[in-house]
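Each reported figure results from applying straightforward, stated rules to the coordinates on display, with no laboratory input. These numbers were taken from a predicted model, which means no experiment stands behind them. Don't worry about glycine lacking a Cβ; one is built from the backbone with ideal geometry, like all the others, and counts go over all protein chains shown.
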Amino acid sequence: MCSWLDKAAIVTEGEIRDSQPPNLWRLSTVHRVEELKSIIRILPIWAAAILLVTTSSYEHSFAVQQARTMDRHLSPTFEIPPASLSIFSVLSLLTGLVLYERLFVPFIRRFTGHPSGITCLQRMGIGCMINIFATIAASMIEMKRKAVAMHHNLLDQPNAVIPISVFWLVPQFCIHGLAEVFMYVGHLEFLYDQAPESMRSTAAALHYLTTSLGNYLGTLLVTLVHGYSGKQHNWLPNRNLNRGKLEYYYLLVTGIQVLNFIYFLVCAISYTYKSLEAVKECTKENKDCCTGCPRQDSIDVHNEGDRLRSNERV
C-alpha cells in the first residue's frame, strides 16, 4: 500500500556525486516514509467517526427546540433549562465507562482472551451500531410529541407548552452517551495505538479533528435538507417545529449511519493491525529470554565488577 512513497527515500546518482548535504524536500529517510504510510493506513477508519459527530449534532440544536415546547417542570415553581438535557449524555458516558472497565471487560475477556476484552475496531463497530438506535429513538419521540400536540390542537401554536414531559427526550441522550463509550473512546485508542510512536500527538489531533469536521458536516446537512425539502412542507421550518417533519430528518440521519456502518465494516475487515514485538517476562526458570533485558545486563555488570575487585585483592 502506497509503495510509490518509497521513491522519496531513493538516492539518485546526482545526489551521490554531490558533496553538498541532501535537500530534505527531495530526499527523505525510510523511517519518515514508513511513518507517513502508517498515518495513511488509519485514515479510512478515522473518517468513519466523522459521521458519528454529524449525526449527533442535533442534540445541541433540534433537541433543545423540542425541549422548549415540552413540559419542563420538576415542581410547580421550578423548571429545568432546555439546554441542560445534554447532562444525561455526559452521565451516561461516565457511568458507561465505569461499567465497561469494571464489568464488561473482565467478563468478555474470559471468552476472547484479549487483554482489553475486545479490539479497538470491534469497540468502534459496537458504538456505531448503538448510535443508530439513538436516532431511531429520537424519531419515535418526535412522533409522540407531535401526536400529543395534535390531540390538544397545539400544532399551530409554536410558543405553547405541549403537555408531555421533557424527560421523554432522555433515552436518546442516554443511548448516545452509551455509544460514545464504545465509539469515541475506541476511536482514540485505535489512533493512539496504531500511529507511529513519534506521531501519536498527530493521531490525537486527528481524533479531535473529527469533532470539528463532524459539526461542519452537520451544518451542511441541515442546510441541504432545509433548502431542498420545499417551502410548503419543509422538514425543518424556521418558526413552527410542530408543522415540520423533524422525524423524517432523524430517519434520514439513521440511513446515513447505516451506510457509514457498512463502510466501517468494509474498512475494519480489510485493515491489518500494526505488528508489535512480544516482550517476555524475565523469570528464574527462563533466564534465556532476558538476553536483551537492561535489568539483567546491569546485574551481570555488577557481578563482573565484584569478580574483578576480588581478583585485585588476591
Report, largest value first, the span of the C-alpha coordinates of the range 59-114 along each principal axis, in whole Å.
53, 24, 12
With unit charges on the beta carbons (Lys and Arg positive, Asp and Glu negative) and the dipole taken about the Cα centre of the range 48-270, which residue among 235, 194, 74 sits farthest to the positive side?
235
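Please give the net charge around residue 86, taking every other residue with its beta carbon less than 13 angstrom from that of residue 86, where Lys and Arg add +1 and Asp and Glu add -1.
Details: positive: none; negative: 59, 180.
Net charge around residue 86: -2.
I'd like the per residue volume of the convex hull spanned by the Cα atoms of the range 101-209, given in cubic angstrom.
On the way: hull volume 14.9 nm³, N = 109.
Enclosed volume per residue, from the Cα hull, is 137 Å³.
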Here the convex hull volume per residue of the range 48-270, taken over Cα atoms and given in Å³, is 138
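Report the local net charge at residue 245: Lys and Arg +1, Asp and Glu -1, summed over other residues whose C-beta lies under 10 Å from its C-beta.
Numbers: positive: 146, 243; negative: 142, 247.
So the environment of residue 245 carries a net charge of 0.
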For the charge dipole of the range 46-114, defined by +1 on Lys and Arg C-beta atoms and -1 on Asp and Glu C-beta atoms about the Cα centroid, which residue among 107, 49, 60 has the Cα displaced farthest towards the positive pole?
107
